[in-house]
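S.K.: A single structure is presented below for examination.
What follows draws every value from the coordinates through simple rules; no lab data is involved. These figures come from a predicted structure and were not determined experimentally. Note: ideal-geometry Cβ built from the backbone for every residue, glycine included; neighbour counts use all protein chains shown.
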Amino acid sequence: MSTATESRHRFLEEYRHIRYAEGRGSDDAAYYRALPYRDLTGRNSAMWEMRATTWRYFLRVVLPPIERAAARPLDVLDLGAGNGWMSYRLEQRNHHPIAVDIFSDVRDGLGAVRHYPIPFPPVEAEFDRLPFRSSSFDLVIYNASIHYSTNYQTTLSEARRCLRPSGLVAILDSPIYRRPEHGQRMAAERHADFERRYGFPSDAIPSIEFLDEPGLRELGRRLGVRWTFYRPWYGWNWHLRPLKAMLARRRPPSRFWIVTGRFAQA
C-alpha cells in the first residue's frame, strides 16, 4: 500500500470515527429527506440550522440568475456531497446533479443516497482527479468541502476543466478568515481538540482547512477567477462574534460567506 493510499485510508477511518461520535446519520430515511431544513435526530440541530440558512440564501439569491441564464436544467457537480442532501434538493428543482465524495459510508457518506425518493448518481472520487469529461457542467458546488483541499490552485483548476465556458464555481459553508494566520490558529486549535477528545489530531491528509481573503485574491489572479461574495444573515449572535472575540482577546472568528467565481476565457 502506497503512502498516499495509507494516508487516505487513515483519514477516512478517523473521519468516520468523528462523524459517528458527533451523531451524524440515522436509520430513518425521513432524516435524510428533511435535510438541511430539519435535523430529526436533534443531535446537530444548530449546525443544520446554519446550513439551511446558507441553502435558502443560495436558492433565493445565487441560483435563480444562473437558472434564468441557462434556460434549461443545469448539470451540477455537488463536490463533498456527503449523504447527498444537496443533490436531492437540486433534483427537486429538475436539475441534473452528480454527488461526489471520497466517503462512501452508508450513514454519512454516499451510501446514504439510497434513502432519497429521487435517484441521482453518486460517484466516489477526489477533487483533484474528477472522472468527468472536460466542459461537462454548468455549476460546480463545493458543499462545505473545499477546505479539505490540499492545494486550492490544483483543486480549482480541475473544477475549471470540468466547467463549460459559461460555468460557475460556488463555495458554500467553508470558513473564511480575514488573514491566514487566524485560520492557521483555528486549525491548530481544532487538531488539539480532536487529540484531546478522540486520541488523534485528524491530520492524516494535510487539508488546508480554511480560506482567507489574501489567498482568494491570489487564486483569482493566478487562475483568472472573478470572485463574487455573498453574506447570508445568520442572526445577531453570529453577527456579534467578532466583537465578542475581540473583547475576550481571542482570535477573530471565521465568516461563512457564499463565494462564486467565473473563470476568464483563454
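S.K.: Rule-of-thumb check for the chain: C-alpha Rg over 2.2 N^0.38 Å?
M.R.: The reported ratio for this selection is 0.99.
S.K.: Quick one: what are the phi-derived ³J(HN,Hα) couplings along the stretch 222-239, Karplus 6.51/-1.76/1.60 with θ = phi - 60°, whole Hz, x for glycine and proline?
M.R.: 5, 9, x, 9, 9, 8, 10, 10, 10, 10, x, 9, 9, x, 5, 4, 5, 4
S.K.: Name the residues whose placed amide hydrogens come within less than 5 Å of the amide hydrogen of PHE200, ignoring near sequence neighbours (fewer than 5 apart) on the same chain.
M.R.: Here the answer is GLU195, since their amide H atoms fall under 5 Å of that of PHE200.
S.K.: Then there's this: Whole angstrom only: what separates the Cα centroid of the stretch 102-141 from the Cα centroid of the stretch 21-49?
M.R.: Their Cα centres are 20 Å away from one another.
S.K.: Within the set of other residues whose C-beta is less than 9 Å from the C-beta of ILE176, count the net charge using Lys and Arg as +1 and Asp and Glu as -1.
M.R.: Values: positive: ARG178, ARG255; negative: ASP212, GLU213.
Spelling it out: positives minus negatives among the neighbours equals 0.
S.K.: If you don't mind, there's one more thing I want to ask. Kindly provide the helix-only [θ] at 222 nm of the chain, computed as the sum of -39,500 (n - 2.57) over DSSP H runs of four or more divided by all residues, to the nearest 500 deg cm²/dmol?
M.R.: The helix-only estimate for the chain comes to -12000 deg cm²/dmol at 222 nm.
S.K.: Let me spell out the model: positive unit charges on the Cβ of Lys and Arg, negative unit charges on the Cβ of Asp and Glu, origin at the Cα centre of the stretch 113-196. What dipole size does that give, in debye rounded to 20?
M.R.: Numbers: 11 positive and 10 negative charges, 47 e Å.
Using only the charged Cβ atoms, the result is roughly 220 debye.
S.K.: Taking the Cα-to-Cβ direction at THR5 and at ARG133 and moving 7 Å from each Cα, how far apart do the two end points lie in nm?
M.R.: For the pair THR5/ARG133, the computed spacing is 3.1 nm.
S.K.: Right, another one. At 1.567 mPa s and 4 °C, plugging the Kirkwood radius over alpha-carbon pairs of the stretch 1-105 into Stokes-Einstein gives what diffusion coefficient in µm²/s?
M.R.: Value of D from the Cα-based Kirkwood radius: 83 µm²/s.
S.K.: For the chain, what is the percent of antiparallel DSSP beta bridges, rounded to the nearest 5?
M.R.: That works out to approximately 35 percent antiparallel.
S.K.: Using Cβ contacts closer than 10 Å as the measure, can you line up HIS96, HIS9, HIS115 from fewest to most?
M.R.: HIS9, HIS96, HIS115
S.K.: Once the Cα atoms of the stretch 1-56 are picked out, what are the Rg and Dmax in Å?
M.R.: 14.8, 43
S.K.: Here's another thing I want to ask about it. If R0 is 45 Å, what FRET efficiency do you get for ARG38 and SER166 from their C-beta distance, rounded to 0.05?
M.R.: Details: r = 35 Å, r/R0 = 0.78.
Result of the calculation: an efficiency of 0.80.
S.K.: Measuring from the lowest to the highest alpha carbon on each principal axis, how far does the stretch 131-242 reach, largest first, in angstroms?
M.R.: Principal axes ranked by extent give 46, 35, 23 Å for the Cα atoms.
S.K.: Something else: Per 0.36 nm of contour for each residue apart, how much would the distance between ASP27 and TYR234 grow if the chain were fully extended, relative to their Cα-Cα spacing?
M.R.: So the chain would gain 71.5 nm between ASP27 and TYR234.
S.K.: Rg(Cα) of the stretch 205-261 divided by 2.2 N^0.38 Å?
M.R.: For the stretch 205-261, the normalised Cα radius of gyration comes out at 1.38.
S.K.: Can you list the HN-Hα couplings for the stretch 84-94, worked out from phi with the Karplus curve (6.51, -1.76, 1.60; θ = phi - 60°), rounded to whole Hz and with x for Gly and Pro?
M.R.: Each residue of the stretch 84-94 in turn: x, 4, 5, 4, 4, 5, 5, 4, 5, 8, 6 Hz.
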